[in-house]
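For reference, the structure discussed in these notes is given below.
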Amino acid sequence: MRHLPPSAAEPVEGSDRQSPLPTIVIATRNRRPRLLATLTRLERLAERPPVVVVDHASTDGTVSAISERFPDLKVIQSPRNIGSAARTLGVEAADTPLIAFSDDDSWWAPDALRRAADLFKAYPRLGLIAARILVEPDGRLDPTCAAMRDSPLRSDIPLPGPPVLGFLACGAVARRSAVLACGGFHARYGFGGEEHLLAVDLTSAGWGLAYVDEVVAHHEPESGPRSWQGTDELRNKLWSTWLRRPLARAARRTLELTIDGNRHGVSALVAAMRGLPWVLRERRVIPEDVERSLRLLERAS
């Protein structure tokens with residue numbers, strides 16, 4: 001599971017004169033109008049990056065609509081709803097060294113992906129870029145991005161921006177090989193904070209993650225809570241805690257997450273407990289330096 005990145009002296013993916021653009025990976029389900037609007041925006045990019053769409057069990061004619069409007073676009077169909085693991089299928093299908101995650105309601109600004117490719121070439125131990133995400137229609141900065149921009153973390157790895165231990169999958173660029181070596185998005189998580197475990201695993205494998213203000217994505221989410229918010233999101237936080245944190249810290253963090261005024265605490269804990277058998281099988285404690293970084297972030301929040 002753990003693959004250390006190359007040193008600065010070793011050949012790096014895409015180290016030719018101009019690195020290939022990332023392949024954009026989009027997972028979607030039953031959001032045909034949103035997806036078609038996003039694909040239209042991406043088609044207008046002068047760079048013309050490759051795109052892979054992974055449709056998991058849509059029943060609204062998404063695949064046929066893509067075939068009609070964008071006949072040359074690569075589409076992968078999953079017969080069942082596999083949640084965020086659909087992104088991993090898209091990463092596997094990509095044939096470029098870099099991949100850019102988008103949602104079916106997010107898209108990349110002009111030149112953002114070219115700038116990202118240049119940064120990966122310049123920083124050999126960079127594993128992932130968390131982009132500056134502007135929430136439309138008013139173009140305000142996503143609050144998570146504001147927190148990443150002010151990250152209290154420090155890194156011994158040269159990075160093009162503040163080091164982070166998380167990202168938003170509606171706007172991130174990563175090394176394909178690093179994502180696959182860490183297993184991609186966990187198949188059991190669905191949606192809701194699913195990025196955290198992958199970010200921790202990338203960092204534990206020796207890759208640097210950075211927030212980069214000049215790599216810009218746009219996101220226009222639907223108003224109101226998503227179906228995965230609440231219990232599922234907290235359940236996934238608990239699973240990530242149990243999978244990677246030392247036992248004493250995992251126990252304390254469980255109490256913090258479930259008792260500290262969270263109305264979803266009991267239901268999330270019950271849901272997470274159902275996964276204990278596979279959690280115990282897959283449990284791998286993170287390195288001490290990564291644990292220290294997580295504690296620093298938790299104290300700062």
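Spin-label point model (7 Å from Cα, Cβ direction): what's the D111 to R48 distance in nm?
Reported label-point gap for D111 and R48 is 2.0 nm.
Report the calculated FRET efficiency for A300 and A93 (r = Cβ-Cβ distance, R0 = 41 Å), to the nearest 0.05.
That pair, A300 with A93, gives E of 0.60.
Which of L243, L36 comes first, and how do the rest follow, when ranked by fewest Cβ neighbours within 10 Å?
Least crowded to most crowded, the residues run L36, L243.
Long-range amide H contacts for V51: which residues qualify at under 5 Å (H placed 1.01 Å from N, peptide plane, sequence gap of 5 or more or a different chain)?
It is I24, K74, by chain and number.
Would you mind working out the magnitude of the charge dipole of the range 242-294 relative to its Cα centre, with +1 at each Lys and Arg C-beta and -1 at each Asp and Glu C-beta, to the nearest 20 Debye?
160 debye
May I ask you to derive the relative contact order of the range 231-300, considering only C-alpha pairs under 8 Å and at least 6 residues apart, and to give it as an integer percent?
Relative contact order comes out at 43 percent.
Return the distance in nm (one decimal) between the two label points of a simple spin-label model at R283 and V63, each offset 7 Å from Cα along Cα→Cβ.
4.0 nm
Dividing the Cα radius of gyration by the Kirkwood radius, what Rg/Rh value follows for the range 231-300?
0.96
With r defined as the distance between the Cβ atoms of R80 and R274 and R0 fixed at 25 Å, what FRET efficiency is calculated, to the nearest 0.05?
0.80
On the first, second and third principal axes, largest extent first, how far apart are the outermost C-alpha atoms of the range 44-117 in Å?
Sorted from largest, the Cα extents of the range 44-117 read 36, 25, 21 Å.
List every residue whose amide H lies under 5 Å from the amide H of S78, counting only residues 5 or more places away in sequence or on a different chain, with H placed 1.01 Å from N in the peptide plane.
D55, H56, A57
Please compute the contact order of the range 23-219 in relative form: average sequence separation of alpha-carbon pairs under 8 Å and at least six residues apart, divided by the residue count, as a percent.
27 percent
Per the helix-only calculation at 222 nm, which mean residue ellipticity applies to the chain, given -39500 (n - 2.57) for every DSSP H run of n ≥ 4 and division by its residues, nearest 500 deg cm²/dmol?
-11500 deg cm²/dmol
Can you give me the C-alpha center-to-center distance between the range 70-148 and the range 180-213, rounded to a whole angstrom?
13 Å
Throughout, read-outs are computed from the coordinates displayed, never taken from laboratory work. Values in this document were obtained by computation on a predicted structure and should not be read as measured data. Counting neighbours? That spans all protein chains shown, and the Cβs are built from the backbone with ideal geometry, glycine included.
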